[in-house]
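One structure below.
The values are calculated or read from the model by the stated rules, or taken from the named source; none is laboratory data. Keep in mind that this is a model prediction, so the values were computed, not measured. Cβ: placed from backbone, ideal geometry, glycine included. Neighbour counts: every protein chain shown. Remember, those area values only see protein heavy atoms, side chains included, never the ligands or the DNA or RNA. Shrake-Rupley method; radii C 1.70, N 1.55, O 1.52, S 1.80 Å.
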Amino acid sequence: MGYAEVYARWKADPEGFWMEAARAIDWTRPPSRALFADRAPIYEWFADGLTNTCWNAVDRHVAAGRGDQTAIIHDSPVTGTVRRLTFAELQDRVARLAGALAARGVAKGDRVIIYMPMVPEALEAMLACVRLGAIHSVVFGGFAAPELATRIDDARPRAIIAGSCGIEPNRIVPYKPLLDAAIDMAAHKPEFCVIFQRDQQVASLVAGRDFEWHSFQAGAHPAACLPVEGNHPAYILYTSGTTGQPKGVVRHTGGHLVALHWSMGNIYGVKPGEVFWAASDVGWVVGHSYICYGPLIHGNTTVVFEGKPVGTPDAGTFWRVIRDHRVAAFFTAPTAFRAIKRDDPAGEHVARYDLSSLRALFLAGERADPDTVIWAQQKLGVPVIDHWWQTETGWPIAANPVGLELLPVKVGSPSVPMPGYDVQVLDEGGHPVPRGTLGAVAVKLPLPPGTLPTLWNAEPRFRKAYLDHFPGYYETGDAGLIDEDGYLYIMARTDDVINVAGHRLSTGAMEEVLASHPDVAECAVIGVADALKGQVPVGFLCLNKGAARAHADVVADCVRQVRDRIGPVADFKKAVVVDRLPKTRSGKILRATMVKIANGQDFKVPATIDDPAILDEIRAALATLGYPVG
Ligand code: COA
Ligand code: AMP
C-alpha cells in the first residue's frame, strides 16, 4: 500500500488504524480502544492496556528464538573498541541490573536519572528502569552540573545511574564531579547512585551513597518485566523552552511502543534483523527513539557509536561503521554531514568503503540545507530523506516514508505528514493559510500515539506552551509552509529556541546566566547563522554604569559562566559589549531584527523601534566579532 492510501486510511478511521498497529506489540492485556479523549484536549492512547517496554524491546525476541541475534553493537573509535551484545545477553544484563535496583527499593513510578556517555550500559540502564515500571530521565553528558541539578529537583529521582566519564576527542570529561556538584546543588537528594566506572577515568565514590556498577549487581536476582498501563510514563526527557527551566516531556508506554514499531518498518523501511544506526546521543530524543527503543522494539540491531563525524580519526568514520556493520539505514543530523563535507569535500573517504548495505540516509534535528542534501545524494547514491520532528513528538511528524513508498524527494522539504499528524499552517488568528503561505506550523489535536500527553508535573505549562495559543491544535513552535503538492517546508522557530549543531538550546536560558553577572545590566542572546553548526549563539551585553572590569574580562566571565552553568554543548563563545539594545517603544528587545543584521539579510526597520540609530551600533558590534554585516 502506498503513502496516500495509508494516510487516507488513517484519516478515515484513526481508531482502527492505531488498533491495528497495536497488534505488533505484545500486551499482557490488550487495550479496549486506542484513544482516550475524556479529558480533551489532554489525550491518552491505549490507556487501559497492560504491557512492558522492556519485554517488547528485549525479552520477546529471545522468546521468539532470536536470542543469538546481535542487539547492540558498541563501536567506539574514541576508545578503539567494538563490542557486541546479543538479545539473550542483553536480557540477562538488564534483568540483573533491574533486580539490583529493585532490591534497593526502586519500584514502579519511581524516577531514575541516567547521566551516561555512549556505552551499551546507558541503554541497559534505560531498559532496566522500564522493566520495573520506573521512569527514567536521561540527561545529556554535555550539560553542566546546574542543568543536572534542575532536572534532579524536577524529576525527584530515587536513584541516579551515571558513568564515571565521557570521552570527547580532545579530552576526558569527568562526569562524577559534575554529578556530585549537581547533587550538592539540588534540594532533592537521591537515595543512591550507581556508577559505571570507565578505565579512562575511575571516579571516587561517596561511601554509603554510591555503588560501583558491577558490585552493585553482584548476586542480584534477575527481575521480571512488570506489566504497566498503556498510560504509565516510560520516561521523562527534558528539552529547552523559552526560559531556563527545561520542559519535562512525558512519554507514555503504550503509544510509544506502537508508534515506534510502526515507524521502523513504514518510515525507515527496515526489516527485523537488519542493522539500524542513528548517530546521535542517548541524551537526545533521537537517541531514545532510534538508538534505543525503536530498533530494539522492532527487532533490529542498533549501533551505539561513541565518536564524532570528523576527527575520530577522520571524515571516513561514518563510512567505516556502515561498512563494518552492514548498516541498512543511517540517521544523523545535517551538521554532521557539513562537518564531513568541510573535511572531505570531494568525498574521497566515501569512495574507500563498500557502502552497498546502505539503502537510505535520514537527516533530522535541524533544517537540512540543500547544499548538504545534494552533496550527500551525490556521494552516497542513496535516497537522502529529510524528516521533521521534535522531542515532544518522539517520532517523525513529516517524512518521506521509504518503507511504504519512496515519494519524489524535494530538496529543502521534509516531505509529507505521517499518519496521525494532520499538519496545518496557521495565521496569527489560528486560521489555516492558503498553500504556499508562511505561517505557524500546528498539528490538529489529538496528536498520535507516542507523542507527549503532558509535561512532568506541569499540566498548566503544557497547556500554555502548546495548546492555548491555537485552540484545537498543538503548536509546534516552528514556522513554515505547505506547497501545492502537500510538501511541508520548515523555515524557522517562532520562539527563542535555537539549534546549534543539531542541539536544541534556549537563548532565554543563556540570557538568564548573563544577566546574573554583577556588571551586566541588560543582555540579549540571538542565534546567528553558521556554516557548520546551523546556528551559534551570540550575546550582547549592556554593562552597569561604573562597571569596574574591562569589557574583555566581562565577556570572558560570561563565556565561562554559560559553559559552567549550562554546559559546553551551548557552544557560547561569542559576546560583545554594547551601549544599548534595540527596542520597541514598549521596551521589547528586537531580537529578530538583530538576527537579520547578523545574517546579512534584508530587513525593514520596525515601525515600533524606539531609536533606529542603535541598529548601527549593533552592526558595528557584530563587525568586531567578524560578521560581515555590510
Ligand atoms: N559530553 C561532554 N561534552 C560534550 C559532549 C558530551 N556528551 N558533547 C559535546 N560536548 C562538548 C564538545 O566537546 C565541545 O566542547 P568544546 O567547546 O570544549 O570544544 C562542545 O560541547 C560543543 O560540541 P559539539 O556541538 O559537538 O561541537 P564540536 O565542534 O565538538 O563538533 C560537530 C561539531 C558538527 C562534529 C558535532 O556537533 C556533531 O557531531 N554534531 C552532530 C550532533 C548530533 O548528532 N545531534 C543529535 C541530533 S540528531
Ligand atoms: P528537538 O526537540 O531537539 O528534536 O528539536 C526539534 C526542533 O528542531 C524542531 O522543532 C525544529 O525547529 C528543528 N528540526 C528538527 N528536525 C528538523 C527538520 N528536518 N527540518 C527543520 N527543522 C528541524
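Per-residue packing, averaged as other Cβ atoms within 10 Å, sorts the ranges 325-335, 581-591 into the order 325-335, 581-591, beginning with the highest. Packing, taken as the mean count of other beta carbons within 10 Å per residue, orders the peptides 34-41, 179-186 from highest to lowest as 179-186, 34-41. Label separation (Val206 vs Thr608): 4.7 nm, computed from points 7 Å beyond Cα along the C-beta direction. Taking the Cα centre of the range 408-550 as reference, the dipole from Cβ charges on Lys and Arg (+1) and Asp and Glu (-1) amounts to some 280 debye.
Peptide packing for 606-613, 79-86 was compared via the average number of neighbouring C-beta atoms within 10 Å per residue; ordered from the highest value, the list is 79-86, 606-613. Per the Kirkwood formula applied to alpha carbons, the chain shows a radius of gyration over Rh ratio, Rg over Rh, of 0.95. Label positions at Ala37 and Ala64, each projected 7 Å from the Cα along the C-beta direction, are separated by 3.2 nm. Mind giving me the FRET efficiency for Ala107 and Ser586? R0 is 56 Å, r the Cβ-Cβ distance, nearest 0.05 is fine. Approximately 0.60, to the nearest 0.05. Between Ile267 and Gly403, the built amide H atoms are under 5 Å apart, and every one of these is 5 or more places off in sequence or on another chain. Excluding same-chain neighbours fewer than eight residues apart, the aspartates and glutamates reachable from Lys11 by a Cα-Cα span under 15 Å are Glu20, Asp422. Look at where the Cα atoms of the range 457-534 and of the range 124-202 average out, and the two centres are 26 Å apart. Solvent-accessible surface of the range 1-96, averaged per residue with a 1.4 angstrom probe and all protein chains in place: 46 square angstrom. Using only side-chain charges placed at the Cβ, +1 for Lys and Arg and -1 for Asp and Glu, the dipole size of the range 481-588 relative to its Cα centre rounds to 440 debye.
Heavy atoms of the protein chains alone define the surface here; on that basis the range 234-362 has 24 Å² accessible area per residue at 1.4 Å probe size. Taking only protein heavy atoms and a 1.4 Å probe, the accessible area of the chain is 52% carbon and sulfur.
In this label model, Asp483 and His551 are separated by 4.5 nm, measuring between points 7 Å along each Cα→Cβ vector. Annotation for the range 539-587 versus the range 23-97: alpha-carbon center distance of 46 Å.
Set the Förster distance to 41 Å, then compute FRET efficiency between Ala187 and Lys573 from the Cβ-Cβ distance, nearest 0.05.
So, using R0 = 41 Å, E works out to roughly 0.80.
Extension gain, Asp564-Arg84: 0.36 nm per intervening residue step, less the Cα-Cα distance, totals 169.2 nm. For Lys533, the aspartates and glutamates whose Cα comes closer than 16 Å to its Cα, not counting residues fewer than 8 places off in the same chain, are Asp343, Glu366, Asp369, Asp371, Asp571. Relative to the Cα centre, the charge distribution of the chain, modelled as +1 at Lys and Arg Cβ and -1 at Asp and Glu Cβ, gives a dipole magnitude of about 520 debye.
Beta-bridge orientation, the chain: approximately 60 percent antiparallel, per DSSP, counting only bridges with both partners inside.
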